[in-house]
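The values are calculated or read from the model by the stated rules, or taken from the named source; none is laboratory data. What you see is a predicted model; the values in this text were computed from it and never measured. Every residue, glycine among them, receives a Cβ derived from its backbone with ideal geometry; neighbour counts consider all protein chains shown. Keep in mind that these areas ignore ligands, DNA and RNA; they rest on the heavy atoms of the full protein, side chains included. Shrake-Rupley method; radii C 1.70, N 1.55, O 1.52, S 1.80 Å.
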Amino acid sequence: MKTNLPLQSTAWLVFEKMVYLAVSLAITVALARYLEPSQFGGLSYLLALVALFMPFMSMGLNSIVSRELLLRPDDVDQIIGSSLFIRLVASVSVTLIVVSASSFYLSDDNTMFFSILMISSIASAAQVIDFWLQAQLANRYAVFLRLLVLVFFSLIRIVAIYKAADFSLFVYLIAFELAATGLLYLMIYQRLSGRLLRLRITFEEIKGLWRDARWLLMSGIAAIIYLKIDQVMLGIMLDNYAVGVYAAAARISEVWYFIPAAIITSFFPQLVKTRIENVDTYGRDLQKLNDALLVLSISVAIAVSSSSSWLLPLLFGEAYIDSVSILVVHVWVAVFVFMRSLLSKWLLIENLLKLSMASQILGAVVNVCLNYYLIPLHGPLGAAYATVVSYSVAAYIVLFLHPRLWVMAVIITRSFLLPLRLLKHGRRLYAIS
């Protein structure tokens, strides 16, 4: 199979995310306008609840699978087979437990909708195929798959809105989309490799994957807590309206996160290789990538915050006017989200998985505590402040707390000092002495 170079692979991912940005944002805006803040908040609350359990279903395997496929290309069958088995067992187990208990913390209608979404999420186990595509630098195939699903279900949503469909239909469409994506991943793996039926499950492989993945599992749980707990706590402590106006602002803010994901995903194989071959070049590449991520994130934050007063009402309507002040604050999370993308991959390359877990847990604890304190005082705006502070803790402040993290603390600090470095070094900014 022909593969792409890192920049070509990045181009495919950026192309996908640009299309995804346009289509999904248009659909979100149309859906938010149709449902209005309270029902839109109810749907966002359900999705946030499902998201809280997704790390238990992925079992922290995502980056581990990518790394193992890069380091052991001859063991593809057992790596994919064993990781798929782990995720299927975990997904079914988690779904059975949380669905059985959902009636204790959700209304009857929400229990049914939540159960449907959780059951359909089992199909996400097949996303391990995406990591094989990443390792092959063959992202164009995954791009085609995801865009096909996106466009197809987006068209159905538009028709549903035009026909004034009931709230429940939009829940069912999300469930069908999750299931279709998983099935198509398996089909594309068989089409490209012809080895779907040759996948093997071995105890040794499961044990090896779990040995490292357990730390990333905890990191993933912590990461999703400080990404989604704000909407869950708003739903519990306030109401669906608060979730709705917050979710609208967060949607505009978070839609830009595809930028670091696309860049770091494509350059990860090259970073792994450079770490082995040339440590000096590796350090320079880390600095260049982090500088680029900081510049991009600040550019996004300035552009969005300065235009929020007219952009958000224009898109979502006057019913979401309370979302403006939330967006002005929330969009600055991007600065730390962008750099955390690189930090997470660096922690994986350096095998500092316990420290990765600790940093994520600290960020999650800070977020929950600040939400608990600030939401009663400031409502959804308080949740936005809590998110910004918690991300700054997990992506930067925590790096000063352990000597093995000081390398990245220096790199990120140097990025913050980029203007001064440019004045001092000019074109020799990245020269290796």
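Listed values, structure above:
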{"item": "Table column - 3J(HN,Hα) (Hz), region 197-202, Karplus curve with 6.51, -1.76, 1.60, x for Gly and Pro", "result": "7, 9, 4, 10, 10, 10"}
{"item": "Stretchable slack from TYR373 to PHE167, in nm (0.36 nm times residue separation minus alpha-carbon distance)", "result": "70.9 nm"}
{"item": "Distance (nanometres) between label positions extended 7 Å along Cα→Cβ at LYS207 and ASN351", "result": "1.7 nm"}
{"item": "Three-way shape label, region 9-163, alpha-carbon gyration tensor, a/c 1.5", "result": "oblate"}
{"item": "Entry for Cα extents along the principal axes in Å (calculated from the structure that is shown) out of [x] 67, 49, 40; [y] 61, 57, 35; [z] 82, 59, 50", "result": "[y]"}
{"item": "Isotropically averaged projected area of region 219-335, using the convex hull of Cα atoms (one quarter of hull area), nm²", "result": "8.5 nm²"}
{"item": "Residue-by-residue Karplus 3J(HN,Hα) for region 404-410, coefficients 6.51, -1.76, 1.60, Hz, glycine and proline x", "result": "6, 9, 5, 4, 6, 4, 5"}
{"item": "Segment VAL295-THR281, extension gain: residue separation times 0.36 nm, minus the distance between their alpha carbons", "result": "2.9 nm"}
{"item": "Loop-located chymotrypsin sites (Phe, Trp or Tyr not before Pro) in region 98-132, at most 16 other Cβ atoms within 10 Å (DSSP)", "result": "TYR105"}
{"item": "C-alpha center-to-center spacing [region 213-292, region 356-423] in angstrom", "result": "12 Å"}
{"item": "Candidates LEU183, LEU106, LEU147: whichever shows maximal mean-square fluctuation once the chain is modelled as a Gaussian network with Cα springs under 10 Å", "result": "LEU106"}
{"item": "Pair SER103, VAL365: separation of 7 Å Cα→Cβ label points (nm)", "result": "3.7 nm"}
{"item": "Distant-in-sequence amide H partners of MET59 (H built 1.01 Å from N, under 5 Å)", "result": "none"}
{"item": "For region 299-348 versus region 66-122, the gap between their alpha-carbon centres in whole angstrom", "result": "30 Å"}
{"item": "Average accessible surface area per residue within the chain, 1.4 Å rolling probe, Å²", "result": "45 Å²"}
{"item": "Region 313-433 shape via C-alpha gyration tensor axes, a/c threshold 1.5", "result": "oblate"}
{"item": "Cα gyration tensor shape for region 114-262, rounded if a/c is under 1.5, else prolate or oblate", "result": "oblate"}
